[in-house]
1. For the chain, go through all pairs of different Cα atoms, get the mean of 1/r, take its inverse, and jot down that Kirkwood value in Å.
2. Just grab the label-to-label distance for S332 and R100, each label 7 Å out from Cα along the Cβ direction, in nm (one decimal).
3. Sort L25, L35 by accessible area with a 1.4 Å probe, largest first.
4. Report ³J(HN,Hα) in whole Hz for each residue of region 322-339, in order, from the Karplus equation J = 6.51 cos²θ - 1.76 cosθ + 1.60 where θ = phi - 60°; Gly and Pro get x.
5. Highest GNM mean-square fluctuation, the chain, Cα pairs closer than 10 Å: which of E132, E24, E303?
6. Pick from T161, T343, T255: which is most flexible by mean-square fluctuation in a GNM of the chain where alpha carbon atoms under 10 Å apart are linked?
7. Taking the Cα centroid of region 93-170 and of region 266-311, what is the distance between the two, rounded to the nearest whole Å?
8. Equivalent ellipsoid semi-axes for region 1-127, as square roots of 5 times the alpha carbon gyration tensor eigenvalues: give them largest first, rounded to whole Å.
Amino acid sequence: MQPRDLSDHVAYQAGRGIEEVARELGRDPSEFVKLASNENPHGPSPAATEAIRETASSVSSYPKAAHADLVAAIADRWDVADEQVWLANGGDGAIDYLHRATIEPGDSILVPTPGFAYYGMSARFHHGDVAEYGLSRADDFAQTADGVLEHYDGERIVWLTTPHNPTGSTMALEEIERLAAATDEETLIVVDEAYGEFADRESALALIEGRDGYDSRDDVAVLRTFSKAYGLAGLRLGYAVVPGEWGEAYARVNTPFAASELACRAGLAAIEDGDHVERTVETARESRERMRESIDAHVWPSEGNFVLVDVGDAGAVAEEMQERGVIVRDCSSFGLPGCIRITCGTDAETGRAIETCNDVLAALELDADSRRESEAEVPDT
Ligand SMILES: *Cc1c(COP(=O)(O)O)cnc(C)c1O
């Protein structure tokens, strides 16, 4: 007895955790900072922590009212109908719901490369195929309608990530609109705004709702999460906002009670704590600017809470930085060999990341020099 043929499926490679790395290296966890998973350096909102504490004794009940309350609060925040909010177990859960609601066996989705691995993983679980459009390093990973359309072939869903993980680039709303207009009627454009709070840009919700001069569209959806700016990655809470016409499908595709009582109550508290998000966004902006100015390697401009750095030998740099206590993400698994991604930390963490990165780059350069020298010294025989 075996599982089904999973040879096309790949395991998700998460950023490495402090405990895991410390144990492996036989070191104390307190020596490390983790800047590998785009988590919030300020932690969750204190209001969310309090809500979790208060909710602890009621987790014997299924989260029905809490789910409805949070959906209403999110709908209110975006000024959409409750039915348009598809609450899920993390943004990843919302990705699954959108695939469940659209993909017939053999349908395809179109995803960016480099890009977020879970789009493709999820589509394959739902018996869909995956095609890719490239973001070009030479163009600084610019995202345009034409760049996507060049690879578009009638896929059921086109995934856009803006701000894009791991490059930090964004796609202008006019371009998204142009893309949605140019693709088939049966193609849904999903705009993944997992890092939307960190960009000074309008949400693609304007295209769904027909606001700010855009016509209202029934072929665009938006993805959001509480994992990044809200600091609730460990609770698993995210959602999609879908066109009004899509609302009814939710009841048919959602996993019952996928967003837990704790997650819903914490989400409700977090959404009301605007100060915490503001502070988080401010920290990320300062951190990414500082890294761009101070790291001795090319750092791409980023509108997320991370930066992409061109270091050459990403494996060696990430490993040596980790050895020195700063855990960053080697981007090879994103399809970007040669680059590391560093999450924006607190002031102190950002300072340490910059110093460590520069020290490691200098040390590896020295190594390379001395290797070249000793090779040159080998006498001809
Ligand atoms: C983090 C992230 C998500 C969602 O993550 P969850 O923790 O499941 O909410 C979605 N898309 C991208 C590009 C991300 O980086």
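The values are calculated or read from the model by the stated rules, or taken from the named source; none is laboratory data. This is a predicted model, so every value here is computed, not measured. As a convention, Cβ positions derive from the backbone with ideal geometry for all residues, glycine included, and neighbour counts pool all protein chains shown. Side chains are part of the model used for accessible areas, which takes the heavy atoms of the whole protein and leaves out ligands, DNA and RNA. Shrake-Rupley method; radii C 1.70, N 1.55, O 1.52, S 1.80 Å.
1. 22.0
2. Reported label-point gap for S332 and R100 is 3.6 nm.
3. Accessible-area ranking of L25, L35, largest first: L25, L35.
4. For region 322-339, the Karplus curve yields 5, 4, 8, x, 10, 8, 10, 9, 6, 8, 4, 5, 8, x, 10, x, x, 10 Hz.
5. E24
6. In this elastic network of the chain, the residue with the biggest mean-square fluctuation among T161, T343, T255 is T255.
7. Using only Cα atoms, the two centres lie 24 Å from each other.
8. 29, 28, 16
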